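A.B. asks: For reference, the structure I am asking about is given below.
The values are calculated or read from the model by the stated rules, or taken from the named source; none is laboratory data. All of these numbers come straight from a predicted model, not from anything done at the bench. Neighbour counts are summed over all protein chains in view; Cβ atoms, including those assigned to glycine, are modelled from backbone coordinates with ideal geometry.
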């Protein structure tokens, strides 16, 4: 019945060009009639799987489910258990002694390191040098290559080079270093707990050797620098003393200060005589007249003494010293310069000698040492590989990669 009604409705409805016999704008006989009913679109068909949908589903199974299933089977069935050994240590440096502090700026001659020793040790543990040293002791390539047949994903391939072993070392030895506190923590992985602990112990031993090498280098540098400073100070002191000796030989004056004091003694004596004559003149003037012969004689003596004092001062300033060709002021200036230079050289020599003794004292004790606050641990159960974490990360990246690939495919398909 519904089929018949639909057929009748279709027969009564005008065709695509019905109702427009008069041409455009509907100016025909039917333009004034009833308006044609709108065409009803057919009902949507039920959704069903198409070819592209099956392709997406097949790609999900092929690119996501299958790799994750294989990876999970490898983690839980094939992968060998690994054990970890943890060790923690820090580099301690001995504080300066009170004797060194008294030297002030000269304490730098002892050669203290300005770079953090923890940074140096951190780079050393991650270097190829320690890998080679421990490989020579424990034969790491043979040990980790032994598990290549059973676990090729987490083991080292046979006949690996030192560069490959260094790359594998960074996977098996995880270093954590805190620059703020200077604490270093290691986590060493191996396929059995004994080897993990042995490798951790070997790392601690090589780190201690590295710190001892830093100590030895610091000691050698400190002593060598102190010896150089002491030799320079000693040579300077010899030169200043030789210059002072040459001055005394040239001027034939053993002690210029004593010679000057002798000449100044004459001046002092004249000053005393002048003072005595002035006092006597004052006494005589108060009891006699100005025309008294004694007053005239007193005035003459006072003037003579003053003239002599002026002449002595002039002679002291201008008269050449015998066999030198120089006057006393020039000799005094030269002598004072040589004396100051000698005193400074003596002070420098004493300071350099004290710095040398301090460097020698510091060299006799260990200024840096490795303090282990966590001894290498022995694992009782395996914690690696971290199967659930690895599987979760793999699932995340695989699903994200597959989703991005599908989006790119549909984007290209819609624009085609």
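A.B. asks: Kindly provide the set of residues from the stretch 309-340 that are under 15 Å from residue 251 (Cα atoms) and at pLDDT below 70, ordered by number.
C.D. replies: 319, 320, 321, 322, 323, 324, 325, 326, 327, 328 - these are the residues of the stretch 309-340 that are under 15 Å from residue 251 (Cα atoms) and at pLDDT below 70.
A.B. asks: If you scan the stretch 156-188, which residues turn out to be loosely packed, with under 14 Cβ neighbours inside 10 Å and in contact with a strand residue (DSSP E or B) (Cβ under 6 Å, 6 or more places away or on another chain)?
C.D. replies: Scanning the stretch 156-188 gives 174, 176.
A.B. asks: Just one of (1) part of a helix (DSSP H, G or I); (2) surrounded by 15 or more Cβ atoms within 10 Å (Cβ to Cβ) trips up residue 379, so point out which.
C.D. replies: Checking residue 379 against (1) part of a helix (DSSP H, G or I); (2) surrounded by 15 or more Cβ atoms within 10 Å (Cβ to Cβ), the one that fails is (1).
A.B. asks: If you don't mind, another one. Name the residue, out of 159, 135, that is more than 21 Å from the chain's Cα centre (by Cα) and either outside any helix (DSSP H, G or I) or without any contact (Cβ under 8 Å) to a residue 24 or more places away in the chain (or both).
C.D. replies: Step by step, each of 159, 135 is checked, and only 159 is more than 21 Å from the chain's Cα centre (by Cα) and either outside any helix (DSSP H, G or I) or without any contact (Cβ under 8 Å) to a residue 24 or more places away in the chain (or both).
A.B. asks: If you don't mind, another one. Which is out of contact with any helix residue (DSSP H, G or I) (no Cβ under 7 Å at 6 or more places or on another chain), closer than 30 Å to residue 244 by Cα, surrounded by fewer than 15 Cβ atoms within 10 Å (Cβ to Cβ) and modelled with pLDDT of 85 or more, of 386, 343?
C.D. replies: Sole residue among the options that is out of contact with any helix residue (DSSP H, G or I) (no Cβ under 7 Å at 6 or more places or on another chain), closer than 30 Å to residue 244 by Cα, surrounded by fewer than 15 Cβ atoms within 10 Å (Cβ to Cβ) and modelled with pLDDT of 85 or more: 343.
A.B. asks: Any residue that is part of a loop (DSSP other than H, G, I, E, B), over 22 Å from residue 74 (Cβ atoms), in contact with a helix residue (DSSP H, G or I) (Cβ under 6 Å, 6 or more places away or on another chain) and touching a residue at least 12 places away in the same chain (Cβ under 8 Å) - is there at least one of those in the stretch 194-212?
C.D. replies: No, that holds for no residue.
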